[in-house]
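The values are calculated or read from the model by the stated rules, or taken from the named source; none is laboratory data. Computed from a prediction, not measured in an experiment: that's the story for all the values here. Here the Cβ is made from the backbone with ideal geometry for all residues, glycine too, and neighbour counts use every protein chain on show. When the accessible area is computed, the model is the full protein with side chains, heavy atoms only, and any ligands, DNA or RNA have been set aside. Shrake-Rupley method; radii C 1.70, N 1.55, O 1.52, S 1.80 Å.
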Amino acid sequence: MAEQRQHSTDTVGGRPVLVAVAHGSRDPGALRTVGALVDRVRAVRPDLDVRLGHIEIDRPLLPDTLAELRGDAVLVPLLLGRGHHVTYDIPQALAAAGGQVRARVAAPLGPHPLLVEALHGRLVEAGWRLDPHAARQSAVVLAAAGSRDPASALDTRRTARLLGERLGVPVLAAYASAASPSVPEALRALAARGRHRVAIASYFTAPGRFAAQSAAQAPWLAAAPMGAHPAMARLVLHRYAQALARTPAVGGPCPVAAGVPARVAV
């Protein structure tokens, strides 16, 4: 990953700082991948101050990133659906930052057609080709991390439907933890329908344990996580602009401190 750039702690040219919020992972490839995505966002919008903060494990942690800021910011979760991190962890970090930063929390990246563009691109890179003679045997499992929040599973299923429309084959959402079906269960369900030529689409922003476990179960091919695909950078910037247009900034003592999530753009 490129070395974290140092910027003024104030907004640049009146534009709020974009804080990309990653999950964090013990896989060293995750930090490199997220760093590459942030660098791509900076390359597209060199006029923006773009920072990185992690919810856990990797540095910089989100509280440390927020502690360096003054003024306005937009927190863009590099997460693919609604869940505990979006509704609780990120707003709590913002509330704990105190009054030196006024921030909006953008919607998570998914679901969105740009994610489908990234998923399709990674599948093609892995060797996906829809052979007309094998179409009736082909399918995709959209492998996601999983969450106990039903809204997260709903978001993943919406992405699966969009990807299925793009590919022209069945796409089943499956999860590495906390939700069902699991990836093996989804593969068995597809096999029961005569779908044996099955690819794994990696519904992960970056490498990690769950992404590796899911890919290892592929009966045919497995795509890489979406990472720094150009569509991902465009989506981060879209969520940033969307949050600026739709939600007011919050800062200092706010309802989050009492357990009420900050408003999230949708």
*Using the heavy atoms of the protein chains alone and a 1.4 angstrom probe, what is the accessible area of the chain per residue in square angstrom?*
44
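When the Kirkwood hydrodynamic radius is evaluated over all pairs of different C-alpha atoms of the chain, what value in angstrom, to one decimal, is obtained? Spell out each step's value before the answer.
On the way: mean 1/r = 0.0531 Å⁻¹.
Kirkwood radius, the chain: 18.8 Å.
To the nearest 20 debye, what charge dipole does the range 106-252 have about its Cα centre, counting +1 at the Cβ of each Lys and Arg and -1 at the Cβ of each Asp and Glu? Walk me through the numbers before you get to the answer.
Numbers: 16 positive and 7 negative charges, 41 e Å.
So the dipole magnitude of the range 106-252 works out to roughly 200 debye.
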*What 222 nm value per residue comes from the helices of the chain, counting each DSSP H run with n ≥ 4 as -39,500 (n - 2.57) and dividing by all residues, nearest 500 deg cm²/dmol?*
-11500 deg cm²/dmol
*Can you give the convex hull volume per residue for the Cα atoms of the range 14-81, as a whole number of Å³?*
85
*Share of the chain's accessible area from carbon and sulfur, percent, 1.4 Å?*
53
*asked:* Under 5 Å between amide hydrogens, which residues at least 5 positions from Leu75 or on another chain qualify, with H placed 1.01 Å from N in the peptide plane?
replied: Val19, Arg104, Val105, Ala106
*Taking the dipole about the Cα centre of the chain, with the C-beta of Lys and Arg at +1 and of Asp and Glu at -1, give me whichever of Ala192, Leu31, Leu154 is farthest to the positive side.*
Ala192
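Could you sort His133, His229 by their accessible area in this structure, using a 1.4 Å probe and putting the largest first?
On the way: His133 175, His229 25 Å².
Largest accessible area first, the list is His133, His229.
Can you give the charge dipole size of the chain about its Cα centre, rounded to the nearest 20 debye, using +1 on the beta carbon of Lys and Arg and -1 on the beta carbon of Asp and Glu?
Details: 30 positive and 19 negative charges, 145 e Å.
The calculation lands at about 700 debye.
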*For the range 214-227, just list the computed ³J(HN,Hα) in residue order, Karplus coefficients 6.51, -1.76 and 1.60, θ = phi - 60°, integers in Hz, with x standing in for Gly and Pro.*
5, 4, 5, 9, 5, x, 10, 9, 10, 7, 6, x, 5, x
*HN-Hα J in Hz across the range 19-29 - Karplus 6.51, -1.76, 1.60, θ = phi - 60°, x for Gly and Pro*: 9, 7, 9, 9, 6, x, 7, 7, 6, x, x
*Quick one: which residues, 5 or more positions from Ser147 or on another chain, have an amide H under 5 Å from its amide H? H modelled 1.01 Å from N in the peptide plane, none for Pro or chain starts.*
Ala179
_Using only the Cα atoms of the range 172-213, what are the Rg and Dmax in Å?_
10.9, 31
